[in-house]
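Q: Mind looking over this structure? Questions follow.
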Amino acid sequence: MPKASEIKKNMAIEYDGKTWIVRDIERSVPQGRAGGSLYRMRMYDVVTDRKLDETFKDSEMLNLADLIRRPVMFSYADGNEYVFMDNEDYTPYTLNKEAIENELLFINESTAGIQVILVNEAPVALELPTNVELEVIETDPSIKGASATSRNKPAKLSTGATIQVPEHISIGDRIKVNVEERKFAGRAEK
């Protein structure tokens, strides 16, 4: 049983007789109070998709729910439904756009390393690799002689996400993006 301080985004916990997927965590340290941090977790019921915001003390013990991770590739979108295909047995997993809105900004048909998270055999979330490779489709022209450590400029990626990139990056470049921090992480290997 992990402590609340050990819970990470996209983990599934059992709480109040239900299974919840943790979508967001905010850590706060109250002033003038003995003891540790508080962790405010935004959780969604895996069955009903009902939202719950709950605060836990850092040392509070939580039950992890049984969840399975399966390697998948993005297959296609059908309206608000996004279908991912299991890399091993080709099982299709369908997720609603609202459940994976943040992740959709960083995936396309060629993104490798995606995992679908299953709770009771139902897909509830996506877990992305630390870095993904995407193409820059819109940015100001690159500046000749700009160093890699100079100023940044906004760049729109092929998935619709906009991040800050160094001035030497130009349209058509493939770059690595750190998904968690939404930051430029270098050029992609050719």
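The values are calculated or read from the model by the stated rules, or taken from the named source; none is laboratory data. Please read these numbers as outputs of a predicted model, since none were measured by experiment. No Cβ is skipped: glycine too gets one built from the backbone with ideal geometry, and neighbour counts run over all protein chains shown. Ligands, DNA and RNA are excluded from the accessible area calculation, which covers all protein heavy atoms including side chains. Shrake-Rupley method; radii C 1.70, N 1.55, O 1.52, S 1.80 Å.
Q: Counting only heavy atoms of protein chains, what accessible area per residue, in Å², does the chain have with a probe of 1.4 Å?
A: Details: 11110 Å² over 190 residues.
Here the per-residue accessible area is 58 Å².
Q: In debye to the nearest 20, how big a dipole does the chain give about its Cα centre with +1 on each Lys and Arg Cβ and -1 on each Asp and Glu Cβ? Can you show the working numbers first?
A: Numbers: 25 positive and 32 negative charges, 190 e Å.
Charge dipole of the chain: 920 debye, to the nearest 20.
Q: Follow-up question, since we're still on this one. Greater than 28 Å separation of Cα atoms is the criterion. Which listed pairs, LYS3/LYS176; LYS3/LYS51; LYS97/LYS190; LYS51/LYS176; LYS97/LYS156, meet it? Don't skip to the end; give the middle numbers.
A: On the way: LYS3/LYS176 33 Å; LYS3/LYS51 22 Å; LYS97/LYS190 31 Å; LYS51/LYS176 32 Å; LYS97/LYS156 21 Å.
LYS3/LYS176; LYS97/LYS190; LYS51/LYS176, as the Cα separations exceed 28 Å there.
Q: Name the long-range amide H neighbours of LYS18: under 5 Å, sequence gap of 5 or more, or other chain; modelled H, no Pro or chain starts.
A: none
Q: Now for a different question. List the extent of the Cα atoms of region 65-135 along each of their three principal axes, largest first, rounded to whole Å.
A: Projected onto its principal axes, the Cα set of region 65-135 covers 36, 25, 22 Å.
Q: Shifting gears a bit: Quote the charge dipole size of region 5-90 about the Cα centre in Debye, to the nearest 20; the model charges only the Cβ of Lys and Arg (+1) and of Asp and Glu (-1). The partial results should precede the final answer.
A: Working: 13 positive and 17 negative charges, 103 e Å.
The dipole of region 5-90 has a size of about 500 debye.
Q: Could you please state how large a percent of the accessible area of the chain is carbon and sulfur, counting protein chains only and using a 1.4 Å probe?
A: Numbers: 5010 of 11110 Å².
It is 45 percent, rounded to a whole number.
Q: Which value in nm describes the separation of the simple spin-label points at SER37 and LYS183, placed 7 Å from the Cα toward the beta carbon?
A: For SER37 paired with LYS183, the spin-label model returns 1.7 nm.
Q: Counting each pair of different Cα atoms once, what's the Kirkwood radius of the chain in Å, rounded to one decimal?
A: The Cα-based Kirkwood calculation yields 18.6 Å.
Q: Right, something else. Taking springs between alpha-carbon atoms closer than 10 angstrom, which of PRO71, PRO166, PRO141 fluctuates most in the Gaussian network model of the chain?
A: The residue that fluctuates most here is PRO141.
Q: Charges on Cβ only, +1 for Lys and Arg, -1 for Asp and Glu, centred on the Cα centroid of the chain; of THR55, ASN80, PRO154, which one is farthest towards the dipole's positive end?
A: PRO154
Q: Using a/c under 1.5 as the rounded threshold, could you call region 1-72 rounded, prolate or oblate? The axes a ≥ b ≥ c are square roots of the C-alpha gyration tensor eigenvalues, and prolate needs a/b larger than b/c, oblate otherwise.
A: Details: a/c = 2.13, a/b = 1.87, b/c = 1.14.
Since a/c reaches 1.5 and a/b is larger than b/c, the shape of region 1-72 is classed as prolate.
Q: Taking a label point 7 Å from the Cα of THR159 along the Cα→Cβ vector, which residues of region 80-108 have an amide N closer than 17 Å to it?
A: 81-85, 95-108
Q: If you take the charge dipole of the chain about its Cα centre, with +1 on Lys and Arg Cβ and -1 on Asp and Glu Cβ, which of GLY172, ILE100, PRO123 is farthest toward its positive end?
A: GLY172
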